[in-house]
Each structure stands twice: as structure tokens, then as C-alpha cells.
Amino acid sequence: MKLRSRAAFWIAAIGIVALAAGVAESRRHSAGGGNSTGPVSSAVEKADAATPPARSDNFGDGTPDFLRLDSPSDQEAFRRWFSLIAEFQALRPPKDLPREIIDCAALLRYSYRNALRDHNAAWIRETQIVPSTAVPSIEKYQYPHTPLGAALFRVKPGKFQPSDVKDGTFAEFADAKTLEGLNTFFLSRDIGAARPGDLLFYRQLMQDSPFHSMVFVGRSQWNVDGPGNADDVLVYHTGPIEKGPGEMRRIRMVELLRHPSPQWRPVPGNSNFLGVYRWNILKGAN
């Protein structure tokens, strides 16, 4: 698969950088009331580490209910930010790719954490990500001010127990296999079930690192494919290729379904395709 041209993206980017202030301003007013200090302070208060988090794990999947996004608005905001951030990494110049993104799992971790942050002006300056339209941040909590701090990913099996908060059950790092097994849940092997922000997992036994993931973006939020283009797209990082560091790639679903190597086609008849998965924090959402 070849990298798509980024020229159109950067032409469009010039015209939208000025919206950064508008994005930040919309966040300050999203909670209602022009004099509000915004969701940042309220989110920090909700996630105050001194307040013991709820102990429930209603789905028994190891993800505490205090981490789940309960409201439809938070669920939608997470989906939009996660897919938007992941896709941006495939559109930006390779030299600007964050150094931590070295494989497919690193892309997931980076996009997940940043989707949960407060997307204010400071965040925009740090990441250089300026959406073409204002997207609200989630309100329940914001990274790293969560009941788990910065350790968002479950790395040990089992149902959630209060001791998990401090005993190393959750960590900042998790590989693709751990993200698939302990932090997401299986939806279907039918790609039609995927929604923006969902993941495709593969197990390629002939590779040194057999587990691989892709982000289902759906229709791009960036104006790079022309007006009215409704093609679904996916993005992923290849991981190291031979002696090189690998690269970000962006591909349309119709291209992936016709991939010259059948083991990469996301179809039920491909035993290497594990299926479509969704983050545990969205479990229960339609």
C-alpha cells in the first residue's frame, strides 16, 4: 500500500489554523455560561485522586465503570477525537510524527490518551492538530486527571478490584495483543459493524510481531479527499520494516478489501482477520 499524497491536506491546513482559537473558545462555553471556567476544572474535581472511585465493573471485563463514558455526547466526542487524531498522524509530514509512535499499538495509545484530553489552545500548540470544525472534549474526566491517573490501559486479566488502582494492573504501556484482549471487546467479523474510532485486529503468525491493528476512521474529518467523498478510510502504523522504522499509512476500505495479500483483507473468510473491536470505555453504547 502506498502513502497518499499530502499536498491537498497542507493546502487545506493553511486555511484552518485560524480556527484554533474558535475551538478553544467553544470548549470554554460548552458547559454553558460565558463566565464559566470550563470543563477542565470540573473534570479535575470529578477525577480527584483523593476521592475513592466506584468499585463496580458491571460488564466484568476488567474496566471499572468510573472509566466508562456514560453519556452519548462523551461517547461521540471520544469517537471523533480518536479517529481525527489517528488520521492526522498519517497526513502530517513523517518528520513531524510524534517520536513515540513507532508501531500500530503506539498509534492507538497516543490517539486514545489525546482523545481524552482537554483540547484547549495549549493542546493545539503542543500537537499542531487543528480540526476543521469545533469538536467538544469529553466532560466526565480528562487525561491525565483520571481516577487511574496516566495509567489507562489494563495489563493484567481479571474483573476490576479496588486494589487494581495501585498494584500495577493498569499501566501507561500496552502492546497490541494486550489492547485487543484486555482493553477492547469483539464486535463482529463483518466490517459493516465498524463505527469511527473502532479497531481492526489481525494475527499474522508468519511475522515476528503477529498482532496488528488498524483504526477505522470512517469518512475523513479532514478535507483531503475532495467534497462529497464518502469513502471509509483506515489508518495504521506499519511498525519496523526490515531495518527501517516503518511508517504511517492511510488506505480506503475499498482498497483494503482488494489488498493483493489476502491475509490483510478484512473479510470473514480470512482467518488472520480477528475482527472489529471497540474500546471498553464505550461498552454499552450503540
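Extending each Cα 7 Å along its Cβ direction at Ala122 and Lys177, get the distance between those two points in nm, one decimal.
According to this spin-label approximation, the distance is 3.9 nm.
For region 116-192, just say rounded, prolate or oblate: build the C-alpha gyration tensor, square-root its eigenvalues into a ≥ b ≥ c, call rounded for a/c under 1.5, and beyond that prolate if a/b exceeds b/c, oblate if not.
oblate
Taking amide hydrogens as modeled 1.01 Å from N in the peptide plane, which residues meet the under 5 Å criterion relative to Phe211, leaving out close sequence neighbours?
Gln204
Using modelled amide H (1.01 Å from N, peptide plane; none on Pro or chain starts), what sits under 5 Å from the amide H of Thr184, excluding residues fewer than 5 places away?
Asn280
Counting only residues 5 or more places away or on other chains, whose amide H sits under 5 Å from the amide H of Gly62 once H atoms are built in the peptide plane?
For Gly62, whose amide H was placed from the backbone, the distant partners under 5 Å are Phe160.
Return the sequence-ordered ³J(HN,Hα) values of region 59-76 in whole Hz as given by the Karplus equation 6.51 cos²θ - 1.76 cosθ + 1.60 applied to θ = phi - 60°, using x for Gly and Pro.
Along region 59-76, the couplings run 9, x, 9, x, 8, x, 5, 5, 8, 6, 8, 7, 8, x, 5, 5, 4, 5 Hz.
Can you give the Rg to Rh ratio for region 169-245, taking only C-alpha atoms and Rh from Kirkwood?
Taking Rh as the inverse mean 1/r over Cα pairs, Rg/Rh reads 1.02.
Read-outs: derived from the displayed coordinates by stated rules, not from any lab. These numbers were taken from a predicted model, which means no experiment stands behind them. Methodologically, a virtual Cβ is constructed for each residue, glycine included, from the backbone with ideal geometry; neighbour enumeration extends over all protein chains shown.
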